[in-house]
Amino acid sequence: MTRARTSRCRNRVVLQGAARRRLSCVVPLVLAAAMFAVPALGDDLPDPKVLFDQLNHAALNPSEIYVARNLYLTRDRVNIYLNRGFIGFLAPVAGEITGAVFVGDGEVLMMPPDPIERASLSRFTQSAILNERFNSAYLRFTDQTAAELMAAARHPEPDDTEQPGDFIERWIPILQRLNPEYSMRVLLDLTGERDQPCFLAYLNGVTQGTFQVEVDERVPEAVRAVAIRLAAGEKFSDVWASFPSAKSQQRLDDLMVGSFRAESFRIDARINPDHSLEGRTDVTLESRSGRDRIVALEFSRYLKVKEVRDGSGTPLTVFQNPGEDAAETVRRDTDWIAVVLPKPYPLGARFNLRLTYEGSVIKDAGNGVLLVGERTNWYPNRGVFTRADYELSFEYPEALTLVATGERVEETVSDGWKRSRWKSTQPQPVAGFNLGAYRSSERRVGDLQLEVYATREVEASIAKAAASMLTVEGIRDLNFPESGSRVTLFPQDPVALNPASMLENVADLASETISQYEQLFGPLAIHRLAVTQVPGHFGQGWPGLVYLPTMAFLPKPNRAQPGFDSRSEATLNEVMLAHEIAHQWWGNQIGWKTYHDQWLSEGFATYSAALRIAAGKDGDRKLRELLRQYKADLISKTPQGSTVESGGPIDLGNRLSNSPNPEGFNSIIYKKSCWVLHMLRELMASGPKKKEEPFFAMLRDFLAAYRGRGASTQDFIRHAEKYMTPSMDLEHNRRLEWFFDDWVYGTGVPEYKLKVDVKRSGPRRFVITGKVQQSGVPEDFEMPVPLVAKYAREKSERLGWVVVGARGGEFRFITAEKPERVAIDEDSILAIVD
Ligand SMILES: [Zn+2]
């Protein structure tokens, strides 16, 4: 059977950095580079701080107000029409006009090139094409926009019937608010590479409200339509559509890395008795642009940069959270700094920066339970999409135990201070640490040293809840803690609320988990893994370092989980622990290339946790229960009445949590991905019986092939195709696109109706015929559906797979015994079965 094939953009990449709800175009780490060197700017460039200030305060130039009649601008796939109205231009900065405003009747048109983006746009705007009228526009640009508009507009005449009136006054407060959002992006081009200009439009739409349309050649997905929306008190950056421009298609990999690639970090941090931190980071960067001078780094606002020097000791200009309005009430999503180099470095040159800083990033959650609040931003970093070598040195009060990523190469104690040094054994996407007045327990698991750390007391919020039978936020899901359940703590003897007392139990569970995963996925490249307690509700798995919430250390009687039966509740902690440990393989050993590929980390860790559950006592039933729970979550309804799953394909990654579907990321990336892998495994097991399931051979091989680097969905598909069985070759081309198009690039949970007829055709011979009907999914959705025959005494037998498409799927099987019932095997496929 052949299928209509949709063309897809296969290798999309996007913003660097880990934050999920970024604001608009000013994201720092998209600051990227072109691949050719151009003559460097002279040293006579004005002070960047002065330029920045001028950009922030650029006002409208009263002599540059124009009448606009039928003007239009085309930037890649974006067309902007200024049908009728007035345009004003910002006063030039460094001799350049970098902004304009418009009031009147305008229209924007954008057609995303691929069906995934058109579907995304449609989810937000009810139309696959953006076609919106607007009555005002704020434009910032570093391209030819000013010249283009000026050439086509004219100054108002005294006898014009319409006059600009108070045009300038009306824009004053808006410019004050919007200019700083865009200043750093404009400054980047004014001081550096001019080959990757931006065109950024903030529009006041007639039906859609305010939104932004951006064409920014420094961003891997240069063309975007984004709206900032509030839902349930939270701010979301709703990405309506995002795709590479025609121009950027050819250099996505370069754009991903940006203008500066971090090669190595040396971090020295002193943690004082009041838990304040004094730090110094030496970072070695490779220049990937011959012209750019601004190095942007993610960095916590709770640490103040004291100074930045280059390799020769020259102090450099630095901006911290530039463009920030002090009065801003909603916290920005990404904290960052921008360091201005005195001169651009030639393409390929290595150079060092030394940053010193101090502040408070370690919080005391009460009872001495500490948390490194800024887990990724406690040092200046370039985001998780490039890997670097790390050497970390810490100095801290002797009473504390500190555990960091990498291997501990040294630990000494003197004068009441401990000092320890940690080195990465392979390039890491990120580095971090955890600390506390810990007890610890150790295990040997093959070549791996497992260490588990926990405090003697629980943090204040849990202690209080436990004393009075309160409901607290329960253990929540992982890296993105927006979902999760609530937990009621029953009054307990406070002695029982001692995480350290559970050390042995957690160590046993962790070591069993590691053994199982080493068997399934192959050995880890690291030799030491620390599982450490953190206050709060979520865990995370970093290279050699797992964060596990206090709750996961508490004995079961302390917890009751509303909405779960007691058996599910018992598996909750195990799932959490297993998921975070699984990240040593998925996320750390193998990374993900872009936000589109994040399911390769979260989905795989979630499925690994399911495999852990399946390996335990009563495992088959528990796995079934877990998968059914995930299915129920996926087909549950959002407040708007659509299913959570329909919020978008797995391919959209962190864009899936947005104002209409706040739980999207959590449900789709974790739970649907878990199902996708389960189905792939079941399909791969449909071939001739082998000693080992081909699915696991495939995973081990995948980890080996991409060890220490990022992989994409496409990489995974090509890899999985090597292990496909003949029955998976639906299109007779040895490709698995049909599967991934349905499940990763598409949405929809199929609904199946089954019609069966059983006839005896001889002694011990029954002919089973029938048809499976499909609905609830797109026309081109096609999937093999597993059928089972159920006999008396709970005996059942897999009959086989029936390929079901829009026209249904017919089948014929022969059995020796007459089945009591023939059914679709709902444990092997994500489907709604009638
Ligand atoms: Zn995770």
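Read-outs throughout are calculated quantities, based only on the coordinates presented, and are distinct from any laboratory measurement. Owing to the predicted nature of the structure, the values given are computational and were not obtained by experimental measurement. Neighbour counts are summed over all protein chains in view; Cβ atoms, including those assigned to glycine, are modelled from backbone coordinates with ideal geometry.
Listed values, structure above:
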| item | result |
| --- | --- |
| Within segment 727-834, trypsin sites (Lys or Arg not before Pro) in DSSP loop having at most 14 other beta-carbon neighbours inside 10 Å | Arg734, Arg764, Arg793, Lys795, Arg807 |
| Spacing of the two label points (7 Å from each Cα toward its C-beta) at Ser127 and Ala685, in nm | 4.9 |
| Low-density loop positions, chymotrypsin sites (Phe, Trp or Tyr not before Pro), segment 736-808 - DSSP coil, at most 11 other Cβ in 10 Å | none |
| Segment 79-221 - percent relative contact order, Cα under 8 Å, separation 6 or more | 23 |
| q = 0.13, 0.15, 0.21, 0.22 Å⁻¹, segment 215-318: log10 I(q)/I(0) [Debye, one scatterer per Cα] | -0.77, -0.92, -1.13, -1.16 |
| Dipole magnitude of segment 610-733 about its Cα centre (Cβ charges: Lys, Arg +1; Asp, Glu -1), debye to nearest 20 | 420 |
| Share antiparallel - DSSP beta bridges, the chain, percent rounded to 5 | 90 |
| Dipole-positive endmost among Gln629, Ile97, Phe665 within the chain (Cβ charges, Cα centre) | Gln629 |
| Helix 599-615 axis, angle to the chain major axis (alpha carbon atoms, nearest 10°) | 20 |
| Options Asn352, Gly687, Ile80, ranked by Cα towards positive dipole end of the chain, top entry (Cβ charges) | Gly687 |
| Expected 222 nm ellipticity per residue - DSSP helices of 4 or more, -39500 (n - 2.57), all of the chain, to 500 | -6500 deg cm²/dmol |
| Listed residue (Phe781, Val822, Val361) projecting farthest to the positive dipole end of the chain, Cβ model | Val822 |
| Between 0 and 90°, nearest 10: helix 673-684 axis offset from the chain longest Cα axis | 50 |
| Semi-axis lengths, Å, segment 174-259, gyration tensor of Cα atoms, sqrt of 5 times eigenvalues | 25, 17, 12 |
| Cβ-derived FRET efficiency at R0 45 Å, Ala231 paired with Val413, nearest 0.05 | 0.35 |
| Karplus-derived 3J(HN,Hα), 6.51/-1.76/1.60, for each residue of segment 308-315, Hz, glycine and proline x | 10, 10, 8, x, 8, x, 6, x |
| Principal-axis tilt of helix 566-582 within the chain, Cα atoms, nearest 10 degrees | 60 |
| Across Lys691/Lys818; Lys622/Lys671; Lys235/Lys363; Lys304/Lys363; Lys637/Lys672, pairs whose alpha-carbon gap is larger than 19 Å | Lys691/Lys818; Lys235/Lys363 |
| Gyration tensor verdict on segment 705-834 (Cα atoms; rounded if a/c is under 1.5, prolate if a/b is larger than b/c, oblate otherwise) | prolate |
| Reciprocal mean inverse distance between Cα atoms of segment 581-650 - Kirkwood radius, Å | 13.7 |
| Val803 long-range amide H proximity, modeled H, under 5 Å | Val785 |
| Shape of the chain, Cα gyration tensor, a/c cut at 1.5 | oblate |
| Vicinal HN-Hα couplings computed from phi for segment 190-200 (Karplus, 6.51 cos²θ - 1.76 cosθ + 1.60; Hz; Gly/Pro x) | 4, 9, x, 4, 9, 7, 10, x, 10, 9, 10 |
| Set of lysines with alpha-carbon distance to Lys689 below 18 Å, sequence-local pairs under 8 removed | Lys722 |
| Net dipole in debye of the chain [+1 Lys, Arg Cβ; -1 Asp, Glu Cβ; about Cα centre; nearest 20] | 2740 |
| Relative contact order (percent, whole number), the chain, Cα cutoff 8 Å, 6+ residue spacing | 9 |
| 10 Å Cβ shell holding at most 12 others, DSSP loop, GluC sites (Glu not before Pro): longest site-free stretch of the chain | 399-691 |
